[in-house]
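Presented below is the structure to which this report refers.
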Amino acid sequence: MYSSVLAFHNLIRWVVLVAGVIAVIRAITAWTGKRAWDTQDKRIGLLFTVALDVQILLGLLLYGVFSPITTHAFANFGAAMGDATLRFWLVEHLSIMLVAAGLAHTGQTLSKKATSHQASHQRAAIFFGLALVTILAGIPWFRSLLPQFLELPGILTGLLA
Ligand code: HEM
């Protein structure tokens, strides 16, 4: 169960990032080009926030239930806070991603409530942009870029061994 949740958490990061990049580019180009706010703008914002929520849910499952890293760290919280890697998992990754989710949801709500097309794009550009930068800063890039079962070099090595 741990490896499946971790694999999904790894993979859905790409859905979040791709949706976030598209949402920000659409919002900036529409804002500067004075394009109307349309259904596609609503949809991409929704995909970004929903994928982020799924990712938060999977992350919380790892954090509170499945991850041996956090289980080990909780066993001696004080000592874990003195270790940079354990502190990253216990505090930094969690809090950075919760801030990002807050920013993305604020962008989604404010752009829906805006009274002009330009204001919708402007709010989406600012809040989705900030959320995306925050997510990029909180991703553990030192870990594998794809789930283990999708790593081609690993699969090839396994087949040849
Ligand atoms: C409250 C939110 C989140 C929590 C509590 C959380 C928690 C965790 C934990 C505990 C791990 C390590 C699991 C382990 O190796 O045992 C992890 C790994 C990871 N997290 Fe999160 N996470 C959250 C949000 C996110 C978000 C929003 C993203 C990206 C959009 C993300 C991307 C990743 C990646 C890429 C890994 C490494 C996966 C791997 O090595 O296969 N996390 N997360």
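Below are the figures for this structure:
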| quantity | calculated |
| --- | --- |
| Whole-number D in µm² s⁻¹ for the chain, Kirkwood Cα-pair radius fed into Stokes-Einstein, 10 °C, 1.306 mPa s | 92 µm²/s |
| Pairwise label distance in nanometres, Leu145 with Ser4, each label 7 Å out on the Cα-Cβ vector | 2.8 nm |
| Contour minus Cα-Cα distance for Leu11 and Thr85 (0.36 nm per residue) | 24.5 nm |
| Accessible surface ranking that places the most exposed of Trp37, Trp141 first, with a 1.4 angstrom probe | Trp141, Trp37 |
| Per residue accessible area in Å² of the range 2-160, where ligands, DNA and RNA are left out and the probe is 1.4 Å | 56 Å² |
| Extended-chain gain in nm, criterion 0.36 nm per residue less alpha-carbon gap, Asp53 and Thr29 | 6.1 nm |
| Pairwise FRET efficiency - Ala137 versus Gln40, Cβ, R0 = 22 Å, nearest 0.05 | 0.20 |
| Sum of side-chain charges, Ala30 neighbourhood, beta-carbon under 13 Å (Lys, Arg +1; Asp, Glu -1) | +3 |
| Loop-exposed trypsin sites (Lys or Arg not before Pro) per DSSP, neighbour cap 15 Cβ within 10 angstrom, longest uninterrupted part of the chain | 36-142 |
| Other-chain or far-sequence residues with amide H under 5 Å of Ala114's (modelled H) | none |
| Within the accessible area of the range 2-160 (1.4 Å probe), percent carbon and sulfur | 73 percent |
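The values are calculated or read from the model by the stated rules, or taken from the named source; none is laboratory data. Predicted model only: the values in this text are computed from it and were never measured. Positions of Cβ are generated from backbone atoms using ideal geometry, with glycine treated the same way; all protein chains shown enter the neighbour counts. These area figures cover heavy atoms from the full protein model, side chains too; ligands, DNA and RNA do not enter into them. Shrake-Rupley method; radii C 1.70, N 1.55, O 1.52, S 1.80 Å.
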